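K.L.:
Quick one: the structure is below, questions incoming.
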Amino acid sequence: MKTSVLRYLLLPAALVGSLSLYALRSEERVVPDPDNAGLKLPAGFKALVAAETGGRARHITVTPQGLIYVKLNRPNAAGKGILTLRSTATGKAEAVGGFGNYGGTGIYAKGGYLYASSDEEVFRYQLNAKGEVVNPDKPEKVVTGLINRRQHESKSVVVDNDGNLYVNVGAYSNSCQVKDRQKGSLGQPNCPILDSAGGIWQFRADKLNQNYGTGTRYATGLRNVVGLDWNAQAGQLFVIQHGRDQLHDIFPEMYTTQQSAELPAECLYALKKGDNAGWPYMYYDGQQRKKMMAPEYGGDGKKEATGNFIEPAAAFPAHTAPNGLLFYTGTLFPERYRNGAFIAFHGSWNRAPEPQKGYYVVFQPFKNGKPSGDWEIFADNFAGDAAKAAAGRPDHKPCGLAQGPDGSLYVTDDKKGTIFRIVYQK
């Protein structure tokens, strides 16, 4: 009998349930795919296709016991919107269940609960000592009645260390025009969308049946946030925004097609209560590193924005669609990655006639809770090759990120449903 298994059998009975998965995982030896799952990675990093879900896999979370929960954009053929996976001895993941009859994006495990969102509501499921959902058919409804106008409708969620739940409510508009996405249409005065969307709302994670009336608009002026995470080192919520589209299409006299492809930057923000990131009144020009007045609100491509709008913590290429944000706290990766941010970019659709961009995971170094140094592409070639990326026809679209108990990085694919696992092996 192997020593690790013998120790497991001699544990007090009260501890067996909570540690069973840990004991089993000690026998795991991750075997990367010979081609690293088709990915291009820094030296020492390896990858494998952990699972194929067959659905549009959005966000992902892994419990301390190693159970993997994946949120699907739409329920699968069996009517399940959440999949449960378990790692095998070689590091692959096998499906062991499914539940939830709703689609959506957000999923997050914290404090003995699994939180999951539809496009209008947030639910929670109690977890047992093994990290398993206790009653999958009877979730508790934590938040209800959130805006869903079929544009930027996904709801991403995260919970901080004080029991606060943060939910993105995306703006159901590109730039709050009177006529959305119509050439020359100006912005609505005092953009009314911001009353119930275009920001981050804060709720209590332990209180049921909350809504806009019982929650707090934590931050505003954010067009659409899909990637968000709590930075424990900084004690602060970070989010990354999808910037506005179609500057040239709507105001061709002010912007060239090339400017429209390169503006505005996709911005990472460090938020505190009451912050305003400026949408729809301004956008951030990552090339000039300036906040610019939006053309719908008196801008001309040259006027800098006025107003009490926060500066981004970091800026990334336009229209690359950041959908996942994760602060890495593991020890498997080299020290330089500790407390830094991984960001999954879903990829662009609207840079034509310029080549499309994205379809990668980047790393933004942090120091003392703040970005430090330039970002870099960490995992590339999700698209399959450069031609597929440029044409906007990728094989895979990175979306969600999660850290496994061993420090592995999991990446979901919102096109074919592939789950990638990235490890470091010297």
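K.L.:
Which of the residues that make up the range 53-69 are more than 12 Å from ALA109 (Cβ to Cβ) and in contact with a strand residue (DSSP E or B) (Cβ under 7 Å, 6 or more places away or on another chain)?
P.N.:
THR53, GLY55, ARG56, ALA57, ARG58
K.L.:
Being closer than 16 Å to LYS416 by Cβ and surrounded by 21 or more Cβ atoms within 10 Å (Cβ to Cβ) is the filter here; which residues of the range 54-63 pass it?
P.N.:
GLY55, ALA57, ARG58, ILE60
K.L.:
Filter the strands (runs of 3 or more DSSP E) completely within the range 87-153 down to those with at least 1 residues that are in the same structural domain as GLY227 (by TED's automatic domain parsing) and without any contact (Cβ under 8 Å) to a residue 60 or more places away in the chain.
P.N.:
Those strands (runs of 3 or more DSSP E) span 93-99, 107-110, 113-117, 122-126.
K.L.:
Any idea which of (1) in a loop (DSSP other than H, G, I, E, B); (2) buried (at least 19 other Cβ atoms within 10 Å of the Cβ); (3) of a type outside the set (A, V, I, L, M) is the one GLN288 doesn't satisfy?
P.N.:
(2)
K.L.:
So which of ALA383, ALA391 is under 23 Å from LEU72 (Cα atoms) and among the aliphatic types (A, V, I, L, M)?
P.N.:
Unique residue meeting the criteria: ALA383.
K.L.:
A follow-up question, please. Just checking: which of the strands (runs of 3 or more DSSP E) contained wholly in the range 329-426 hold 3 or more residues that are crowded, with 21+ Cβ neighbours inside 10 Å?
P.N.:
341-345, 360-364, 398-403, 409-413, 418-424
K.L.:
Could I ask something else about it? Give the number of residues within the range 64-86 that are surrounded by 16 or more Cβ atoms within 10 Å (Cβ to Cβ) and assigned to a loop (DSSP other than H, G, I, E, B).
P.N.:
The number of residues fulfilling the criteria is 7.
K.L.:
Search the range 262-284 for residues that are not assigned by TED's automatic domain parsing to the domain that holds ALA352 and pair each with any residue that is buried (at least 22 other Cβ atoms within 10 Å of the Cβ) and of a type outside the set (A, V, I, L, M, F, W, C) when their beta-carbon atoms are under 7 Å apart and the residues are at least 6 apart or on different chains.
P.N.:
Nothing qualifies.
K.L.:
Okay, next question. List, please: which pairs have Cβ atoms under 7 Å, are six or more places apart or on different chains, and start with a residue in the range 298-319 that is touching a residue at least 12 places away in the same chain (Cβ under 8 Å) and end with one that is among the polar types (S, T, N, Q)?
P.N.:
ASN308/ASN276; PHE309/ASN276; ILE310/ASN276; ALA314/GLN364; HIS319/SER348; HIS319/ASN350
K.L.:
May I pose another question? Would you mind finding the one in LYS183, LYS130, LYS138, LYS179 that is surrounded by fewer than 22 Cβ atoms within 10 Å (Cβ to Cβ) and in contact with a strand residue (DSSP E or B) (Cβ under 8 Å, 6 or more places away or on another chain)? Spell out the reasoning first.
P.N.:
Details: LYS183 fails: in contact with a strand residue (DSSP E or B) (Cβ under 8 Å, 6 or more places away or on another chain); LYS138 fails: in contact with a strand residue (DSSP E or B) (Cβ under 8 Å, 6 or more places away or on another chain); LYS179 fails: in contact with a strand residue (DSSP E or B) (Cβ under 8 Å, 6 or more places away or on another chain).
On inspection, the qualifying residue turns out to be LYS130.
The values are calculated or read from the model by the stated rules, or taken from the named source; none is laboratory data. Note that this is a predicted model, so its numbers are computed, not measured. Don't worry about glycine lacking a Cβ; one is built from the backbone with ideal geometry, like all the others, and counts go over all protein chains shown.
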